[in-house]
């Protein structure tokens, strides 16, 4: 939404305020100050304060979008307490006294998630339509735990989630009007969604087992038998899955076991590993009842191949299958992601990695000569995708994605879709006398309190409604495609620039705009290796004559050779190889920490299966290729400095 249009909206809203039912017929917009209003802020004061606050929010967003503000605050823990009084004020304060403290005390302690230089974790978007939704939600302030509390809250949520189920190309089973009784609900986060469905999965499993045993429901015998079975339950997930599954198992009171992955399989769960894990749990006297499969893991955006795992899971129909697509799931709004097939190519449309203008290329990486200028930016081709679409997701009992990460809605807006609402509501529904009403009793309405752990809930559907209408589905797709293109720019720099090839290696298939890379073991200075040795691993040799910016650092170049001979080289110097691996991990983490200490750029590192790496993803509304290019320059400069400093310190 344009800023000018936003300001026009404020004027129109002010002019039409009196059209609401119950508004004063007095032509003056002034509101008499009641005794209650003397205790806070009246309508006139709110109007002035709101205009001042909105102008400040607009200015803040413009400053952040420019990329000139440090993305990380330059403060120390506990910075805020000395700036605030030791106790709450005893008497009212005016907004003129309150507002300056935002700029003085709060903004200096913020990490600016909307900065184009924020490339850590995953994005957390905020846009003007979403802010407007939050404003109205606060004005209506309806807890909305059942339909009667505010029918519009419930009904808009149902409609908007059906819209998005279609926009994301999810199975019809996830719509509210599906014959099987599915539907969607807004949760606060993917972690909340996971613990919610874990409770539902636990209760479904226990009751199915009790039914199979022929135990009457209800009965003391059934209750006692379930109590003895519950401690044997075990939840499963990949060793790459978000920690919320392990935490959810603690809350659900069950065991948790992980399915091992490997770099060779792109850190994705494989059918044989899943089946052996399930069988091992059963041999140990545990009963698997739930599994989290990931569509885009937190560390590397790995994708568990549900289309390959489904035949295994169908042997165990009582295991609840949940797809955690917290970040990457929103990309399904684009048909090229939603309808991916096994023929999806890990390259762009011409079969090469996209090469930014001005970067050196070689061999097959050359772009086609003189491509015709496109009338619009070409679609970024998804890379390394697994099959998706309704036929694949139909194997899942539940599916979750966060609009507040990548799809322009401010936190919190996590969509949870259930194939059978009965499994959820039967586990979570408790109706004391004070919640009973004829509408709920009729069975004709949805009470979302039975779809979540808390009772009350915010009117979050408004901001989603505003964003979807303001951007349209095509606008949402344009945002995803544009930021994927930004990620491809970074990937090309790492893979194809001279600095990138000399210093770094990409560890996993870049996907959904995320690139994971680390300092190459071969780029570790020779002086730092054990006994002054030189690392030579499979397909690598060290050119001792080369230097890096005048420093005596060996540069690794790929060499062709027989596999047998390469293996012998790797065995010949195990100490040096291990040292190079360890130092590559250490320096990769140190590069990130050094950059973050400067505050101008925010990155995160991660580690898995013996490798520590740098993660770069830029997906907010202010992301741009120019910013990832500058970020890459900073990573290169910092890496060289870290290596130089390490050599200097080794010399004493």
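Counting only residues that are touching a helix residue (DSSP H, G or I) at 6+ places or on another chain (Cβ under 6 Å), closer than 22 Å to residue 326 by Cβ and either without any contact (Cβ under 8 Å) to a residue 40 or more places away in the chain or in a loop (DSSP other than H, G, I, E, B) (or both), segment 125-169 holds 2 of them.
Scanning segment 459-496 for residues that are assigned to a loop (DSSP other than H, G, I, E, B) and more than 21 Å from the chain's Cα centre (by Cα) yields a total of 1. Of the residues making up segment 596-613, those that are touching a helix residue (DSSP H, G or I) at 6+ places or on another chain (Cβ under 9 Å) and either in a helix (DSSP H, G or I) or within 11 Å of residue 121 (Cα to Cα) (or both) are 598, 602, 603, 604, 605.
Within segment 446-480, the residues that satisfy the criterion of being crowded, with 21+ Cβ neighbours inside 10 Å and under 30 Å from residue 509 (Cα atoms) are 476, 479, 480. On inspection, residue 269 fails the criterion of being at pLDDT 95 or above, over 13 Å from residue 302 (Cα atoms), surrounded by 14 or more Cβ atoms within 10 Å (Cβ to Cβ) and assigned by TED's automatic domain parsing to the domain that holds residue 323. Taking segment 305-323 as the range and being farther than 22 Å from residue 209 by Cβ, in contact with a strand residue (DSSP E or B) (Cβ under 8 Å, 6 or more places away or on another chain) and in a helix (DSSP H, G or I) as the test, the residues that pass are 306, 309.
When segment 77-110 is filtered for residues that are farther than 21 Å from residue 52 by Cβ and either touching a strand residue (DSSP E or B) at 6+ places or on another chain (Cβ under 7 Å) or at pLDDT below 95 (or both), the ones remaining, listed by number, are 90, 91. Screening residue 537 on (1) over 19 Å from residue 506 (Cβ atoms); (2) out of contact with any strand residue (DSSP E or B) (no Cβ under 6 Å at 6 or more places or on another chain); (3) surrounded by fewer than 20 Cβ atoms within 10 Å (Cβ to Cβ); (4) at pLDDT below 95 shows it passes everything except condition (1). Would it be correct to say that residue 49 is within 30 Å of residue 600 (Cα to Cα), at pLDDT 95 or above and either touching a strand residue (DSSP E or B) at 6+ places or on another chain (Cβ under 6 Å) or surrounded by 14 or more Cβ atoms within 10 Å (Cβ to Cβ) (or both)? Taking the combined requirement at face value, the residue does not satisfy it.
Total residues in segment 176-189 satisfying the condition of being surrounded by fewer than 23 Cβ atoms within 10 Å (Cβ to Cβ) and within 27 Å of residue 256 (Cα to Cα): the figure is 2.
Residue-level check: of (1) within 27 Å of residue 165 (Cβ to Cβ); (2) surrounded by fewer than 19 Cβ atoms within 10 Å (Cβ to Cβ); (3) at pLDDT 95 or above, residue 198 misses just (2). As for segment 275-292, it holds no residue that is at pLDDT 65 or above, part of a loop (DSSP other than H, G, I, E, B) and crowded, with 22+ Cβ neighbours inside 10 Å. Condition first: under 19 Å from residue 189 (Cα atoms) and modelled with pLDDT of 90 or more. Can you find one or more residues in segment 331-354 that meet it? Yes. Entry remark, segment 497-509: residues being assigned to a helix (DSSP H, G or I) and modelled with pLDDT under 95 number 0 in total. For residue 381, the stated conditions hold: it is modelled with pLDDT under 65 and in contact with a helix residue (DSSP H, G or I) (Cβ under 8 Å, 6 or more places away or on another chain). Residue 326 passes every criterion in (1) surrounded by fewer than 22 Cβ atoms within 10 Å (Cβ to Cβ); (2) assigned to a loop (DSSP other than H, G, I, E, B); (3) touching a strand residue (DSSP E or B) at 6+ places or on another chain (Cβ under 9 Å) apart from (1).
Conditions tested, residue by residue: (1) modelled with pLDDT under 70; (2) in contact with a helix residue (DSSP H, G or I) (Cβ under 9 Å, 6 or more places away or on another chain).
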{"site": "375", "(1), (2)": "yes, no"}
{"site": "389", "(1), (2)": "yes, yes"}
{"site": "401", "(1), (2)": "no, yes"}
{"site": "404", "(1), (2)": "no, yes"}
{"site": "415", "(1), (2)": "no, yes"}
{"site": "418", "(1), (2)": "no, yes"}
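Looking only at segment 441-454, which residues are more than 21 Å from the chain's Cα centre (by Cα) and either under 21 Å from residue 411 (Cβ atoms) or modelled with pLDDT of 80 or more (or both)? Within segment 441-454, 446, 448, 450, 451, 453, 454 meet the criteria.
The values are calculated or read from the model by the stated rules, or taken from the named source; none is laboratory data. This one's a predicted model, so the numbers in the text were calculated from it and none came from an experiment. Cβ atoms come from the backbone with ideal geometry, glycine included; neighbour counts cover every protein chain shown.
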